[in-house]
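Here's the structure, in structure tokens; my notes come after.
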Amino acid sequence: MIKFVLFAPVAVLGWVCPTVGWWLVAVEVVWFLAVVGFLGHLDRLPAAFEASRSRHAVTKLLMEFRGDAGRRFVSGWFFDRPYASISREAFKRWWAWLCCCDVDVGELEADVRAIEDKLGRLEGCEEKCVRLNLDSVRDRVLTKPLWLYVFFRGACGWGAAFAFWRMGFRRCRFGRLWFWIRDGPGQTVLFLHGLGIGLLLYIPILRSFPNHFRLVVPDLWYASQAPPIELWFKGGVPDRDEHLRAIDAALGPQTTKVDVFGHSYGTIVAAWLIHSQPQRIRALALAEPVALLVHHHHVARNFLYDGQPNLELMQRIVRHFVQQDPVIVHHLMRNILWFEGAIFEEDLKDINTVVFLTENDEFVPSALIRKRLGDSPRTKIVWTAGATHGDVVLNPNVLQTYVHPFLRLQNKAAKDPRDRQILQAADL
């Protein structure tokens, strides 16, 4: 039904204005066939990764396997099937994926036996489970017409560019990533946006930062309704190391300390920074953080696997245009290693952090994160009752609850008197 609705405007135009309309219909037909043919390439599996890179994360995983909570942890990855109904071979395949596929057989068997000793024997026959990097991409994407991509690039892309220009930003390219940069004498803030239609919806939150701040904003093209063919032209989505090199170049050698604000998917990019350059981060804001507890099933299943009934209009739009976008789904299922994008509690112990959680988040296990981080001395939790995922870019009231605590955290973390004067000048 949704495909019919998306392609219907072109068909109607072809009927109302045949001279131009049927040419557009022909273009859309060629586009549709090209994209359908290209989607077959999205299912190519990623290369195997070295197990040593994930052993720390796997050790963390083993700590999750305790009693009923451990059985619920496993059941979540098997679509809530009872633990006792899961087959041992299916569990081993799932565990091999979680360990990034390339592990010693003896070591894998030892892990499984240790888990069985804690949780009980696996003697069922249930096989179906989530293996994010190995499951089909093509089954989870929606083919969209060319006119829709033109609209998003035009209205949203050019609209955002005009707004950034009005705010005094300049556009720079580092590697294959573009950045919007606004210079200023204050502390540098790296703003990492989430998945959707690009930076246009983030303009209000960026306006909320004091004019004295130096803002560095990566424009993540693959997270903003990019046409699938663009993957071929650009040689795929930049990997983690390319992101880090580009961000390092954009910040410049003069930036020894940076305050990081990540929203949703942006918290995964923030996790890459935390793992590679923790000493460089002075203050950290994680808004609706998919990177926290990403080793639980909630984010993967809620975003990519489970259909959610009784969705409101805005949630349906997000479902069709973001959660089923070919480039976004391909990136999440083929380019992201969960353990590289995961933030564990100990990763935050030396960083002044504020975590923004919404009560009715459809993707992030907010209540569980609140419980796990509630006792952390350097982490502040800001809980927004009644809000859902993405309200920070849609609801001005939620916006204020996000920006002000982050600015107060910056004031607390600032050691340079000049930074404190700038923050205090903004009544913080």
Item to check | Segment residue 92-residue 148, length gained on full extension (0.36 nm per residue, minus Cα span) | outcome: 15.9 nm
Checklist outcome for this item: Dividing the alpha-carbon radius of gyration of the stretch 77-201 by 2.2 N^0.38 Å, where N counts its residues, gives 1.73
Item to check | the stretch 142-199 versus the stretch 394-413: alpha-carbon centroid distance in Å | outcome: 21 Å
Checklist entry - Picking from 198, 110, 162, whose Cα lies most toward the positive end of the charge dipole for the stretch 104-228 (charges on Cβ: Lys, Arg +1; Asp, Glu -1)? => result 162
Item to check | Gain upon complete extension [residue 346, residue 117; 0.36 nm per residue less C-alpha separation] | outcome: 79.8 nm
Item to check | Computed lengthening from residue 125 to residue 367, 0.36 nm per intervening residue step minus Cα-Cα distance | outcome: 83.9 nm
Checklist entry - ³J(HN,Hα) across the stretch 362-378 via Karplus (A = 6.51, B = -1.76, C = 1.60, θ = phi - 60°), whole Hz, x for Gly/Pro? => result 7, 10, 9, x, 4, 4, 5, 5, 4, 5, 6, 9, x, 9, 6, x, 9
Checklist entry - What spacing in nm lies between the two simple spin-label points modelled at residue 173 and residue 306, each 7 Å away from Cα in the Cβ direction? => result 4.2 nm
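Coordinate-derived values only; no laboratory data. Keep in mind the model is a prediction, meaning the values are calculated, not measured. Every residue, glycine among them, receives a Cβ derived from its backbone with ideal geometry; neighbour counts consider all protein chains shown.
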